[in-house]
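Structure first, then comments.
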Protein chains: 2
Amino acid sequence: MAIDSFYPPQRILMGPGPSDVSPRVLAAMARPTLGHLDPLFVGMMDEVKELLKYAFQTKNELTMPVSAPGSAGMETCFVNLVEPGDKVIVCQNGVFGGRMKENVERCGGTAVMMQDDWGRMVDPQKLEDALKANHDAKIAAFVHAETSTGAMSDAKTLVEIAHKHDCLTIVDAVTSLAGSPLKVDEWNIDAIYSGTQKCLSCTPGLSPVSFSERALDKVRNRKSKVQSWFMDLNLVMAYWGGSSKRAYHHTAPVNALYGLHESLVILQQEGLENSWARHRKNHFALRAGFEAMGLQFIVPEAERLPQLNAVSIPEGVDDAAVRAALLNDYQLEIGAGLGVMAGKVWRVGLMGHASNTRNILLCLGALDDVLGRMNAPIQRGVAVAAAQKVLTA
Amino acid sequence: MAIDSFYPPQRILMGPGPSDVSPRVLAAMARPTLGHLDPLFVGMMDEVKELLKYAFQTKNELTMPVSAPGSAGMETCFVNLVEPGDKVIVCQNGVFGGRMKENVERCGGTAVMMQDDWGRMVDPQKLEDALKANHDAKIAAFVHAETSTGAMSDAKTLVEIAHKHDCLTIVDAVTSLAGSPLKVDEWNIDAIYSGTQKCLSCTPGLSPVSFSERALDKVRNRKSKVQSWFMDLNLVMAYWGGSSKRAYHHTAPVNALYGLHESLVILQQEGLENSWARHRKNHFALRAGFEAMGLQFIVPEAERLPQLNAVSIPEGVDDAAVRAALLNDYQLEIGAGLGVMAGKVWRVGLMGHASNTRNILLCLGALDDVLGRMNAPIQRGVAVAAAQKVLTA
């Protein structure tokens, strides 16, 4: 068979994630591996916790990365907080609400689905109504930033409503962390999970989570054991916990954590508010280019995520052919539609390290060329200038 | 707060894992991140599967790395194969058999524990007796290479016995894969999991698994859904499966997989049998040094793992002080005892890239110095020469 070493090309990642990784993060991942109980490594773990608290804007002691991708972070939240028989209100406005339902049901809970249109924010009034109709609900769950559509929901208001009805909240912040304002303590979020491969400019594979004391009370007082050994916070806490005596649980993914550490140091150096502002400013520039070209956003302006821009594919254009041409001719990856959006939209990410002027100009110029070659119904030769006007304003 | 970038020192990792990572693997991890649906990345995933089949010596189509550490690989095996009410015989001869029990119970199964002394192999006769006494058992589970003690069990014989009694088998090969003979197909193992941070010379964070058709039949015909969404093989198969149309499940840990790919290319270039032979030869050299020094192995010779050497701590010697001196003065990490072995043994790994002549001489020389300084009851100045005699034989 004789398989050779793998040398990937240098792509520009402007899809829904993974997004461009900072070269500083890649360099960090190649540093010498330490033992996972080495005092120096344990010190680094403590720093990762501190830096994550800053990113999440929380003082929650249990703030740490789950040693697996975002979907395991999601499961960590549900599997610890949902007990058999619990009723959970799940607000769905895209793919990931559906995954939450799966999680609730596999924990033996009942999911009450509250549907919103894909491409719209979660409607607070619908949550209020659902909670009034389901007095016995224990948890409300929703996605802050829907990666499948680019819609941002009003997490603060949704949490307020849930708390008024004595429900804990589980919030998906996979795409929002570091890209859009997110304030775990100020908004009183109970349990939250994210990913490293979006606005943190890190490689995929880890899932930062944070749990409030209110959420941990529920975990500590469960009637049944958490069904997952790997994700049981009672065990994970003893490993990542504040005590000096760390209980062995699993072997931490040492080098992946070097990468996360570095990405969080970069975020701290830029400043969280500056990162939010950069994502917003770059979104405006890309938007100007898309609109000049004639591409339509699928999410109403007030509900749009700056870091994930979903636009309708123009009439008669071959989705896959465009993405293949961008990839092959420009080494540029943009995202396809997911679920019911497949074939109908492109998802263009401006996340973390990828949210920069160079990428905006490249993406607009490349799309202008590729769509032009295919005689797509777009305005040609105007997108880059429109974006530059915003960038230099 | 202002936390700086983290620069780990270059340690020599001779504990129970993570062990020394090949510089080729570290370099691979720093290569540019691709999208997880990029055709080039998907091609690399196929190569990883092929290379893992070689490492496991199997043709099992479902052979792939779980996107999380070894303990999640263990859970993937149990959560898919154990249904509520199933009786599972668990052979325990160290820490990890206990973790299997936890897994069985959290899946709603009943674990029948078959205890062997720590530091000994699993006794086939006891398994036979347990299966005769439990006709309704569905699964037998055991650890091939106990990382907590350094004992190797006779996987081939244990699987034969289990099959005679119509039981599926789950085998922990975290420490054996690539270090000791392991033949999944020839031995008819049904489900097996391993880790990347031992004899594969890779960083921690992934868990290679392999499932036979017999095992997958059970997964496909379950009465209840797999309780974990993240680990449900029905979903994971569609992502890692052979079909050209890959269903999105989770975002693969792209750069970690670059590392695993490179480590498997290295294994293929060395040759699996050569890797086994190297681990064996280096073990003999280390053993000669330890024995010359007067250190006693806790596992009888015929049951010893070459890649994990557990020796008793000499009378009156301060365990933690010795390990701290090795770490601080020699940048050398050896492992402490785990569970009931804590404070009583050292675990010295010679795994993967770490199984080399330089490490043997360093370890023996450093121990000679550190133990000598502490006036430990050892024979001084003889260990290195004893090892060299074996190495040059």
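The values are calculated or read from the model by the stated rules, or taken from the named source; none is laboratory data. A quick note: this is a predicted structure, and the numbers were derived from the prediction, not measured. Glycine gets a Cβ as well: all are built from the backbone with ideal geometry, and neighbour counts include every protein chain shown.
See the values below:
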{"quantity": "Filter result for the condition that a residue is on the phi > 0 side of the Ramachandran plot and surrounded by fewer than 22 Cβ atoms within 10 Å (Cβ to Cβ), over B:Asp185, B:Asp123, B:Asp166, B:Asp129", "calculated": "B:Asp166"}
{"quantity": "Check on B:Ala238, at pLDDT below 95 and more than 15 Å from B:Pro181 (Cα to Cα)", "calculated": "yes"}
{"quantity": "B:Val66 being among the β-branched types (Val, Ile, Thr) and within 16 Å of B:Gly195 (Cα to Cα)", "calculated": "yes"}
{"quantity": "Members of the stretch A:10-39 found to be assigned to a loop (DSSP other than H, G, I, E, B), under 26 Å from A:Leu332 (Cβ atoms) and either facing chain B (nearest Cβ under 7 Å) or touching a helix residue (DSSP H, G or I) at 6+ places or on another chain (Cβ under 7 Å) (or both), listed by number", "calculated": "A:Gln10, A:Arg11, A:Gly15, A:Gly17, A:Pro18, A:Ser19, A:Asp20, A:Val21, A:Ser22, A:Ala30"}
{"quantity": "Test: residue in the stretch A:348-359 that is under 27 Å from A:Ser263 (Cβ atoms) and without any contact (Cβ under 8 Å) to a residue 12 or more places away in the chain", "calculated": "yes"}
{"quantity": "Sole exception among (1) farther than 30 Å from B:Gly109 by Cα; (2) within 11 Å of chain B (Cβ to nearest Cβ) for A:Thr251, by number", "calculated": "(1)"}
{"quantity": "Residue under evaluation A:Lys198, criteria (1) part of a loop (DSSP other than H, G, I, E, B); (2) among the basic types (Lys, Arg); (3) surrounded by fewer than 24 Cβ atoms within 10 Å (Cβ to Cβ), criterion not met", "calculated": "(3)"}
{"quantity": "Filter result (over 12 Å from A:Tyr330 (Cβ atoms), within 29 Å of the chain's Cα centre (by Cα) and polar (S, T, N, Q)) within the stretch A:349-391", "calculated": "A:Ser355, A:Asn356, A:Thr357, A:Gln388"}
{"quantity": "Per-region count, the stretch B:291-331, residues closer than 17 Å to B:Ala354 by Cβ and in a helix (DSSP H, G or I)", "calculated": "4"}
{"quantity": "Per-region count, the stretch B:313-331, residues surrounded by fewer than 19 Cβ atoms within 10 Å (Cβ to Cβ) and either touching a residue at least 24 places away in the same chain (Cβ under 8 Å) or at positive phi (or both)", "calculated": "10"}
{"quantity": "Exclusive hit being under 22 Å from B:Ile12 (Cβ atoms), crowded, with 22+ Cβ neighbours inside 10 Å and within 14 Å of chain A (Cβ to nearest Cβ), set B:Gly335, B:Gly289", "calculated": "B:Gly335"}
{"quantity": "Residue within the stretch A:54-72 that is surrounded by fewer than 24 Cβ atoms within 10 Å (Cβ to Cβ), more than 16 Å from the chain's Cα centre (by Cα) and part of a helix (DSSP H, G or I) present", "calculated": "yes"}
{"quantity": "Filter result for A:Val88 (away from chain B (no Cβ under 13 Å), β-branched (Val, Ile, Thr), in contact (Cβ under 8 Å) with a residue 12 or more places away in the chain and closer than 26 Å to A:Pro18 by Cβ)", "calculated": "no"}
{"quantity": "Flag if B:Val265 is under 19 Å from B:Arg120 (Cβ atoms) and either in contact with a Pro (Cβ under 8 Å, 6 or more places away or on another chain) or not in a strand (DSSP E or B) (or both)", "calculated": "no"}
{"quantity": "Residue count, the stretch A:215-248 (criterion: in a loop (DSSP other than H, G, I, E, B), in contact with a helix residue (DSSP H, G or I) (Cβ under 9 Å, 6 or more places away or on another chain) and away from every other protein chain (no Cβ under 14 Å))", "calculated": "1"}
